[in-house]
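**Student:** Before I ask anything, here is the structure I am working with.
The values are calculated or read from the model by the stated rules, or taken from the named source; none is laboratory data. None of the values given here were measured: they were computed from a predicted structure. Here the Cβ is made from the backbone with ideal geometry for all residues, glycine too, and neighbour counts use every protein chain on show. Just so you know, the surface numbers come from the protein's heavy atoms only, side chains and all, with ligands and any DNA or RNA stripped out. Shrake-Rupley method; radii C 1.70, N 1.55, O 1.52, S 1.80 Å.
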Amino acid sequence: MIRYDCDRCGEAMSANDTNRYIAKLEVYAAASPIDVSIDDTKSAPSQLREVIEQLKNADPGEIEDKTYRSFRFDVCDNCRKHLIANPLQRNENAK
Ligand SMILES: [Zn+2]
């Protein structure tokens, strides 16, 4: 039998446990697509070389973190309630 532990509190759950939920989180860059005009293409080779140089020196993990990351968690019913009530786990006392 496959067992799961809640990724938030550690509670043990079975695969078909009615107390088991899956929480997914996606974080990705919010920038809109770049609108390129014909005039912009004149400077494109130099801009492209600049981007390539920046990428040569960049950390691949950091590039991935900045563009797209997804997470999947198994959570128990109690932790599901906490996540829905406060998805970003904001500290209400920090205001
Ligand atoms: Zn839990």
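**Student:** Is region 4-23 home to any residue that is open to solvent by 100 Å² or more (accessible area, probe 1.4 Å), of a type in the set (Ser, Thr, Tyr) and within 16 Å of the ligand (Cβ to nearest atom)?
**Tutor:** Here is the first cut: in region 4-23, the residues open to solvent by 100 Å² or more (accessible area, probe 1.4 Å) are 8, 16, 18.
Of the ones still in play, those that are also of a type in the set (Ser, Thr, Tyr) are 18.
Checking which are within 16 Å of the ligand (Cβ to nearest atom) leaves us with 18.
Yes, that holds for at least one residue.
**Student:** Going through region 41-75 one residue at a time, which ones are assigned to a helix (DSSP H, G or I) and either within 16 Å of the ligand (Cβ to nearest atom) or of a type in the set (Gly, Ala, Ser) (or both)?
**Tutor:** Just the residues of region 41-75 that are assigned to a helix (DSSP H, G or I), to begin with: 41-42, 44-56, 60-67.
Answer for region 41-75, where residues must be assigned to a helix (DSSP H, G or I) and either within 16 Å of the ligand (Cβ to nearest atom) or of a type in the set (Gly, Ala, Ser) (or both): Ala44, Ser46, Gly61.
**Student:** Starting from region 69-83, keep only residues that are over 23 Å from Ala30 (Cα atoms), then list their pairs with residues that are more than 8 Å from the ligand (Cβ to nearest atom) and part of a helix (DSSP H, G or I) whose Cβ atoms are within a distance under 8 Å, requiring at least 6 positions of separation or different chains.
**Tutor:** As it stands, the answer is Val75/Leu83, since those pairs meet every condition given.
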